[in-house]
1. Per residue, how many Å² of accessible area does the chain show with a 1.4 Å probe?
2. Express the carbon and sulfur contribution to the solvent-accessible surface of the range 20-113 as a percent, rounded to the nearest whole number, probe 1.4 angstrom.
3. Rounded if a/c is under 1.5, else prolate if a/b is larger than b/c, else oblate: which is the chain, with a ≥ b ≥ c the root eigenvalues of its Cα gyration tensor?
4. If you put +1 on each Lys and Arg Cβ and -1 on each Asp and Glu Cβ, how big is the dipole of the chain around its Cα centre, in Debye rounded to 20?
5. Report relative contact order for the range 88-179 in percent, whole number only (criteria: Cα-Cα under 8 Å, sequence separation at least 6).
Amino acid sequence: MSHPEIGQRLASIKHVVLVLSGKGGVGKSSCTVQLALSLANQGRKVGVLDIDLCGPSIPRMLGLEGRQIHQATAGWVPVFADSGKQLACMSIGFLLPNKNTSVVWRGPKKNAMIKQFLADVYWGDLDYLLIDTPPGTSDEHLAVVEYLQEWNPDGAVIVTTPQAVALSDVKKEINFCTKVGLPLLGLIENMSGF
């Protein structure tokens, strides 16, 4: 299924990387933010798309809570985390009335929101777009992979912790990547030492 409006947005983005985890609470969003900050500190232009629609934490982690996105003729303008506009962020957290508002949506509405983020956000030229996902292999994952498939995202970074239950779930995430043809770029074992 072709989505030319998404292709138009992705045309100015050099690398698209999904950050995944089979388990919640492993620090996936923290790792996404650290990757983004590291890349931005190296002079790269980075966008972070938070598609954890029911638990959007990226705005808080980047110190952007309370900020708003703006509509321009080119589309939604992401929120910038720095004055040099090296690091941009888009999240449903910017669209909610307050940080305690819950998002209670079924799959089709989540899928539509993800498509809207991919099609309507005007990132401009980016070196990297990091996509922070919720835990698991559910609707959000299937939707984003489907929408991006035609444009060959670079792949996925998977985050886990050393506990057996997290490692078991991350194996499912690796299996998901294999099934949908998403290359595995790396595995981060978070919280594994002091």
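The values are calculated or read from the model by the stated rules, or taken from the named source; none is laboratory data. Please read these numbers as outputs of a predicted model, since none were measured by experiment. In this analysis, Cβ positions are derived from the backbone assuming ideal geometry, glycine residues included, and neighbour counts consider all displayed protein chains. The area values use the complete protein model at the heavy-atom level, side chains included, leaving out ligands, DNA and RNA. Shrake-Rupley method; radii C 1.70, N 1.55, O 1.52, S 1.80 Å.
1. Values: 9640 Å² over 194 residues.
In whole numbers, the chain has 50 Å² accessible per residue.
2. 48
3. Verdict is rounded for the chain.
4. My answer is approximately 220 debye.
5. So the answer I get is 25 percent.
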